[in-house]
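Only the coordinates and a few stated rules stand behind these numbers; no lab work does. Keep in mind it's a predicted model, so treat the numbers as computed, not measured. Note that we place each Cβ from the backbone using ideal geometry, even for glycine, and neighbour counts take in every protein chain shown.
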Amino acid sequence: MSTDINTSIDIQKTTKSNISQIDFSNLSFGNVFTDHMLECDFKDGQWQTVQIRPYGPISLDPSAKVFHYGQAIFEGMKAYKGEDDSIWLFRPEENHARLNKSAVRLAIPEFPKELFFDGLETLLNLDKDWIQKDEGSSLYIRPFVIATEAGVSASPAQEYKLMILCSPAQSYYSGEVRVLFADTYSRSASGGVGFAKCAGNYAGQFYPTKLANDAGYQQVVWTDASTHENLEEAGTMNVFFRIGDTLLTAPTSDRILDGVTRKSVLAIAEDEGINVTVRTISVFEIEEAAKNGNLLEMFGAGTAAVINPITGFCFQGVDYELPKLTNSYAAHFKERITGIQTKKSEDTFGWTYKVRKI
Ligand SMILES: *Cc1c(COP(=O)(O)O)cnc(C)c1O
């Protein structure tokens, strides 16, 4: 990648920033957006000029294929501001590569890396005041691609729109997270789209998740669709289990999203000599470990909350509580990862990426 940002980006700046109306100490996740957004259209077989303009509604033909056949993918990543006002991204190449992996699976054209970085960094420079420096603050970045071509024939679209939205975020305390191990519904199946960050994976889990919510559980931990015996992921987060001093997580497959946070936890665990095993995890094994007191922790890993401790689970109608630990792996990984992300601790992994200035 060149060190200069492409200047052919078409920029229309806002005439009136909304930033003074925002209470940064009282944000709920994903509801407030920055002054600008990025748009890039795919037509005539190629991605057109990247445009940045004031945040606002877009206009689409009602027959646009995204509305009918769900060709839609997204990413989630974060930017942070260092003490010296520099802006940092965390492993952004991973998000770009995964966007393209999702694109291929949904028959969407891949988005070029240079265009992605040049556009995103220009946007971040424009909206840099929205990234707060205080503890726990970040800017959540939401790139996505939708099929915009008009027409209801069931075939991949010839036209798409990539957009990037930015939303200021605070680290949030999610409260008690109790989960239900899925024994009826499934999130994904072998050969399907579970590994892709596509909109439909979310649409399909809202109903069973709502049933779980009504029964008092905040999330569902999905199991394999054929036997419901092996624990896979939480549908917005990858899941880790701690039995004794060993950390366990399921291997990625075409049914599981390959999370950047999961990867980072694994790398830190290996680096620190924490016993970590990536293998198939049976619900019966976790049930057994919970019964005999060996199951010490469960936690979710994902960009939004980084690490989300799980306080209990339900399996086949029986509730299990997890012990409250003072030295949890969950708290440790959260501190290590956020320390690296915010540049407060040394990044020995080379995960942080400094946003170029324009
Ligand atoms: C985004 C996502 C995750 C977490 O991935 P990160 O890269 O760590 O944010 C986990 N599972 C699913 C289904 C997801 O969509």
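Looking across segment 71-123, the residues that are within 15 Å of the chain's Cα centre (by Cα) and part of a loop (DSSP other than H, G, I, E, B) come down to 75, 76, 91. Of all residues in segment 75-94, those that are more than 15 Å from residue 132 (Cβ to Cβ) have Cβ atoms under 6 Å from Cβ atoms of residues that are among the polar types (S, T, N, Q) and within 11 Å of the ligand (Cβ to nearest atom), 6 or more apart or on another chain, in 75/95; 76/303; 77/95. Counting only residues that are under 30 Å from residue 136 (Cβ atoms) and either surrounded by fewer than 16 Cβ atoms within 10 Å (Cβ to Cβ) or away from the ligand (no atom under 16 Å from the Cβ) (or both), segment 54-79 holds 3 of them. Do any strands (runs of 3 or more DSSP E) entirely within segment 287-358 hold 1 or more residues that are of a type outside the set (Lys, Arg), without any contact (Cβ under 8 Å) to a residue 60 or more places away in the chain and out of contact with any Lys or Arg (no Cβ under 6 Å at 6 or more places or on another chain), and if so, which? Strands (runs of 3 or more DSSP E) meeting the threshold: 295-302, 318-321.
Considering only residues in segment 250-268 that are among the aliphatic types (A, V, I, L, M) and in contact (Cβ under 8 Å) with a residue 40 or more places away in the chain, the one that is surrounded by the most Cβ atoms within 10 Å (Cβ to Cβ) turns out to be 265.
When the criteria are applied in full, residue 301 fails the requirement of being within 11 Å of the ligand (Cβ to nearest atom), surrounded by fewer than 22 Cβ atoms within 10 Å (Cβ to Cβ), under 21 Å from residue 176 (Cα atoms) and small (Gly, Ala, Ser).
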